[in-house]
Structures are given as structure tokens and as C-alpha cells.
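Since the structure comes first, as C-alpha cells, the remarks are kept for the end.
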Amino acid sequence: MMMAGMEEEEEEEEEEAAGGGGGGEGPGCGCKGIRSCLLCEGPAQAAPPPQGEDNFTYCPATGLAKGNEHSEFAGWAFPFPGVFLTEEFVTEEEEAEMVELMDRDEWKPSQSGRKKQDYGPKVNFKKQRLKAGGFTGLPSFSKKIVTQMKACSVLGGFLPVEQCNLDYRPERGSAIDPHFDDWWLWGERLVSLNLLSNTVLSMSCDSEDSIQLFPTFSKENGELSPPGSLTETSACKSSNKQGTDYVLSPRLVPSKEVTVAIHLPRRSLVVLHGDARYRWKHAIYRKHIERRRVCITFRELSAEFSAGGRHEELGKELLEIALSFQGTPV
């Protein structure tokens with residue numbers, strides 16, 4: 001199965017092959033195949049593409065996905081592991097400086113109303129071919145960000161080999177459909193820095209299995225959580241397990257009926273790994289882009305390109321280039 005990149009453009013090859021209606025190149029539009037944006041939809045578009053409705057919301061304090069108040073799942077929750085979220089990862093001044101530096105370079109038209117800047121190797125995901133190409137490294141301003149990441153326990157040993165900057169604007173109808181990141185080339189942890197505005201990362205699951213929900217209720221001043229729930233706090237250097245031993249009747253629902261909203265505050269850093277990386281697709285819907293949003297996504301290499309892997313030497317070469325922090329967009 002071909003998988004797209006988290007907020008990136010690996011999906012383009014798949015979409016071209018898929019064909020179908022929808023996308024058409026308008027002025028400044030990079031849509032192809034089945035993708036579209038407000039620049040190419042035109043006045044005949046009666047309604048935006050399907051955007052889904054999130055019926056659960058992820059709670060960073062507990063690691064739970066909790067049923068939304070007005071949904072059929074109100075009062076129910078389930079553990080949602082594999083998400084690390086930390087707020088105010090950069091300051092307002094750092095945010096403004098980074099965006100100003102990015103805006104000095106060209107933003108290239110991309111799919112679904114986005115614009116992009118890529119810093120990474122040349123990849124053909126269909127044929128699984130990889131080479132340095134014109135890759136000259138990650139940009140200089142990212143060196144400080146990568147250094148700050150080391151303070152987060154979930155990012156121990158994280159060495160980014162690729163960076164993608166994406167520009168979202170409501171007037172273009174910017175979005176990205178539900179997708180997985182490729183896992184032939186990219187490793188387990190996907191890291192994304194959300195700048196300029198708040199947004200929502202919508203998680204959905206296509207598997208045929210079921211999810212076990214547990215009821216939640218208040219006891220005195222606290223809310224009880226399902227047994228064994230995994231907590232990854234919003235502070236770097238801290239993660240722990242919380243749970244309460246008690247017996248309640250669970251509820252089984254098909255995974256396909258569940259969608260989870262992860263709210264991303266401005267200047268927050270989110271990491272997807274484990275189930276959130278490999279079981280749940282992620283998306284950014286048009287309705288959640290209310291003003292300009294810039295996202296910086298970092299990826300690490302998979303085991304195949306790491307120490308002991310089949311392509312270890314190529315991986316070393318690419319990391320040496322990436323971590324020179326002398327790059328320009330390719």
C-alpha cells in the first residue's frame with residue numbers, strides 16, 4: 001500500500017495514478033488527480049469535499065480519547081497511545097523569525113491548496129529508490145529546534161533526515177486528506193511544529209476491528225480514567241502511567257466509526273508514534289484552517305537505513321548532509 005507523508009507530498013504519485021475527478025490546475029494551484037482546492041474548484045463547487053466529524057477529543061493530560069459532549073459517545077473514553085504534545089515549544093519571537101526566514105524562499109504550489117518547501121533526499125516511493133539529489137541539508141534555523149527536541153524523552157536519539165514546511169491558507173481551501181506516512185523510508189516518530197494559528201489533527205482508522213470504550217464519571221473532584229491508560233504529559237522529560245482499578249461494563253464499537261480530534265495550539269510540537277503512527281490515519285480538514293498556518297514536519301530514517309540496516313551507508317550519508325544545517329529548499 002502506498003502511503004502519504006505526514007503533511008507532505010509523497011501522496012502526489014499515488015494521486016496521479018488514481019486519476020478521477022476533482023483536481024484541476026488553477027492559477028497557483030498544484031492539485032492533481034482526485035485532489036482539489038478553492039483555486040481549482042470554481043463556482044460550480046456546491047460544497048467542500050467531505051471533511052468528517054470528530055466524535056472524540058484527545059486529552060493530553062490523561063492520554064485518553066474522550067467522547068465529545070454532543071456525540072453518541074459522550075461519557076465514554078478509550079486509551080489513545082502514541083501521541084506526545086507539548087505547548088509553547090518555541091517563543092513568539094522564535095516563531096516570527098522562523099516564518100520570516102521561510103518567507104524569503106519560494107513556496108511551491110502543492111496539493112489541496114497547500115504550498116511547500118522541501119529539505120530532503122530525492123525519493124521515488126513507488127519504486128523504492130532514494131538518492132541525495134540536490135539535498136544540501138536542513139535549514140540553518142532548524143538547528144536550534146532539533147537541539148530543543150533532545151529535552152523531550154520521547155525524542156531520545158531522534159535524528160531528522162528530512163524537513164517539510166507547509167503553508168495553509170483558508171482562501172485556498174488548504175487541507176490534507178487522511179493518510180499514513182510511508183514506513184519504508186521514514187522511521188517511527190513523526191514530529192510536527194505548528195505555527196501561526198491553532199488547528200486540529202483528525203485521526204481515523206480503517207481497520208475492521210473494534211475499540212473497547214470505558215465509561216467515565218466524576219468522583220469527588222476528579223474524573224476516573226479507564227484502567228491501564230497511557231499518559232504522555234505536555235511537559236518534556238516526563239511521561240507516566242495513570243490508571244484506577246475498578247470494574248465497569250465496557251462498550252465495543254467498530255474502529256471505523258471513531259474519529260479523534262487532536263487539538264494543536266499555536267507553537268505546539270506534536271509527535272506521533274506507535275499506534276498513532278501505524279494504526280491511525282491523520283488529516284487536516286479545510287474547516288480547521290481559519291487563518292494562515294505554517295507547519296514544519298521532521299522525519300527520521302527507518303531501520304532499513306539505520307545502523308545494521310540494509311542501506312546503512314546511504315542513511316549515514318544522508319544524515320551527514322541533513323545535519324550540516326546548510327540547506328536550501330530542493
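The values are calculated or read from the model by the stated rules, or taken from the named source; none is laboratory data. Note that the coordinates shown come from a computational prediction; the quantities given were computed from them, not determined experimentally. No Cβ is skipped: glycine too gets one built from the backbone with ideal geometry, and neighbour counts run over all protein chains shown. Heads up: the accessible areas ignore ligands, DNA and RNA and are worked out on the full protein's heavy atoms, side chains in. Shrake-Rupley method; radii C 1.70, N 1.55, O 1.52, S 1.80 Å.
Run down Val90, Val154, Val146 and say which single residue is in contact with an Asp or Glu (Cβ under 8 Å, 6 or more places away or on another chain), in contact (Cβ under 8 Å) with a residue 12 or more places away in the chain and among the β-branched types (Val, Ile, Thr).
Numbers: Val90 fails: in contact with an Asp or Glu (Cβ under 8 Å, 6 or more places away or on another chain); Val146 fails: in contact with an Asp or Glu (Cβ under 8 Å, 6 or more places away or on another chain).
From the options Val90, Val154, Val146, the qualifying one is Val154.
Would you mind listing the strands (runs of 3 or more DSSP E) fully within the range 30-149 where at least 2 residues are open to solvent by 70 Å² or more (accessible area, probe 1.4 Å)?
Where strands (runs of 3 or more DSSP E) fall fully within the range 30-149 and carry at least 2 residues being open to solvent by 70 Å² or more (accessible area, probe 1.4 Å), they are 129-131.
Yes or no: Gly315 in a loop (DSSP other than H, G, I, E, B), at pLDDT 95 or above and in contact with a strand residue (DSSP E or B) (Cβ under 8 Å, 6 or more places away or on another chain)? Talk me through it step by step, then tell me what you get.
Values: in a loop (DSSP other than H, G, I, E, B): no; at pLDDT 95 or above: yes; in contact with a strand residue (DSSP E or B) (Cβ under 8 Å, 6 or more places away or on another chain): yes.
No.
Val146 - would you say it is in contact with a strand residue (DSSP E or B) (Cβ under 7 Å, 6 or more places away or on another chain) and at pLDDT 95 or above?
On the way: in contact with a strand residue (DSSP E or B) (Cβ under 7 Å, 6 or more places away or on another chain): no; at pLDDT 95 or above: yes.
Criteria not met by Val146.
Return the total of residues in the range 290-330 being closer than 16 Å to Leu185 by Cβ and open to solvent by less than 70 Å² (accessible area, probe 1.4 Å).
Looking only at that region, the number is 19.
Within the bounds of the range 193-212, is there any residue that is open to solvent by 30 Å² or more (accessible area, probe 1.4 Å), touching a Ser or Thr at 6+ places or on another chain (Cβ under 7 Å) and of a type in the set (Asp, Glu)? Can you show your working first?
The initial filter retains those residues of the range 193-212 that are open to solvent by 30 Å² or more (accessible area, probe 1.4 Å), namely 196, 198, 206-210, 212.
Narrowing further to those that are touching a Ser or Thr at 6+ places or on another chain (Cβ under 7 Å): 207, 209-210.
Checking the rest, the ones that are also of a type in the set (Asp, Glu) come to 209.
Yes, because at least one residue in the range 193-212 is open to solvent by 30 Å² or more (accessible area, probe 1.4 Å), touching a Ser or Thr at 6+ places or on another chain (Cβ under 7 Å) and of a type in the set (Asp, Glu).
Quick grid of which residues meet (1) modelled with pLDDT under 80; (2) over 15 Å from Pro215 (Cα atoms):
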{"site": "Gly28", "(1), (2)": "yes, yes"}
{"site": "Cys37", "(1), (2)": "no, yes"}
{"site": "Cys40", "(1), (2)": "no, yes"}
{"site": "Tyr58", "(1), (2)": "no, yes"}
{"site": "Gly75", "(1), (2)": "no, no"}
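Go through the range 163-173 and give me each residue that's at pLDDT 95 or above and open to solvent by less than 10 Å² (accessible area, probe 1.4 Å).
Gln163, Cys164, Asn165, Leu166, Asp167, Tyr168
Kindly check whether there is at least one residue in the range 225-238 that is more than 22 Å from Arg279 (Cα to Cα), at pLDDT below 65 and surrounded by 19 or more Cβ atoms within 10 Å (Cβ to Cβ).
yes
Okay, residues lined up against (1) touching a His at 6+ places or on another chain (Cβ under 9 Å); (2) modelled with pLDDT of 95 or more; (3) at positive phi:
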position	(1), (2), (3)
Asp177	no, no, no
Leu185	no, yes, no
Leu190	yes, yes, no
Leu193	no, yes, no
Thr199	yes, yes, no
Ser204	yes, yes, no
Pro215	no, no, no
Glu220	no, no, yes
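Those residues that are more than 23 Å from Pro170 (Cβ to Cβ) and not in a loop (DSSP other than H, G, I, E, B), I need them from the range 290-312; list them, please.
Once the filter is applied, which keeps residues that are more than 23 Å from Pro170 (Cβ to Cβ) and not in a loop (DSSP other than H, G, I, E, B), the range 290-312 yields Phe298, Arg299, Glu300, Leu301, Ala303, Glu304, Phe305, Glu312.
When residues of the range 254-289 are filtered for being open to solvent by 10 Å² or more (accessible area, probe 1.4 Å), in a helix (DSSP H, G or I) and closer than 13 Å to Asp181 by Cα, how many remain?
Within the range 254-289, residues that are open to solvent by 10 Å² or more (accessible area, probe 1.4 Å), in a helix (DSSP H, G or I) and closer than 13 Å to Asp181 by Cα number 2.
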